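Let me begin by presenting the structure, written as structure tokens, before commenting on it.
Every number in this text was worked out from the coordinates using simple rules, so none of it is lab data. The structure presented is a predicted model; accordingly, all values stated were derived computationally and were not measured. Cβ sites come from the backbone with ideal geometry, for glycine too, and all protein chains shown count toward neighbours.
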């Protein structure tokens with residue numbers, strides 16, 4: 001299959017495919033008599049796997065490292081497995097942090113629903129609901145506070 005066909009089937013642009021080839025994420029394809037790239041259907045599985053690694057937060061340099069190991073074949077099985085185990089732990093940690101944040105969001109949504117319904121709410125909660133992102137009044141607009149990232153524990157009262 002030619003690069004245009006691969007782009008259509010993979011959902012990546014031809015420019016992205018060429019870039020991935022240039023930086024080593026994709027192996028160099030065969031060329032036809034006219035010098036045009038010719039890809040085997042199996043490249044689609046590799047592209048799909050790379051996309052999954054990207055969607056789970058693996059950066060491009062780590063994906064390049066994995067691609068380099070893959071090119072070494074069976075000699076790199078242990079290194080690839082180790083790399084995936086480490087990434088899996090990071091993904092698991094991220095899922096835990098995001099699950100915690102979902103709980104905080106659910107509690108906050110429930111608080112707003114109760115206030116909208118006119119239920120009496122502890123004034124401390126109501127005041128929290130009036131500040132930006134639940135931050136104390138002096139903290140409004142601050143963007144340098146890293147305590148609200150996926151790994152942080154948010155206060156359910158905000």
Debye calculation, C-alpha points only, no solvent: report log10 I(q)/I(0) for segment 1-100 at q = 0.11 Å⁻¹, in the same order as the q values. -0.39
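At 0.36 nm per residue, minus the direct Cα-Cα distance, what do residue 13 and residue 78 gain on full extension? Give it in nm, one decimal, please. Don't jump to the answer; show the numbers that get you there.
Values: separation 65, 0.36 × 65 = 23.40 nm, distance 3.27 nm.
Answer, rounded to one decimal: 20.1 nm.
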Net length gained if the chain between residue 2 and residue 122 were fully extended (0.36 nm per residue, minus Cα distance): 36.7 nm
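For a footprinting-style exposure proxy, rank 39, 19 by other Cβ within 10 Å, fewest first. Don't skip to the answer; put the middle values down first.
On the way: 39 21, 19 13.
Lowest to highest Cβ neighbour count: 19, 39.
On alpha-carbon atoms, Rg over Rh for segment 42-128 using Kirkwood Rh? Before the final figure, lay out each step's value.
Working: Rg = 21.7 Å, Rh = 16.4 Å.
Rounded to two decimals, Rg/Rh equals 1.32.
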Listing 44, 25, 98 from the residue with the fewest other Cβ atoms within 10 Å to the one with the most, what is the order? 98, 44, 25
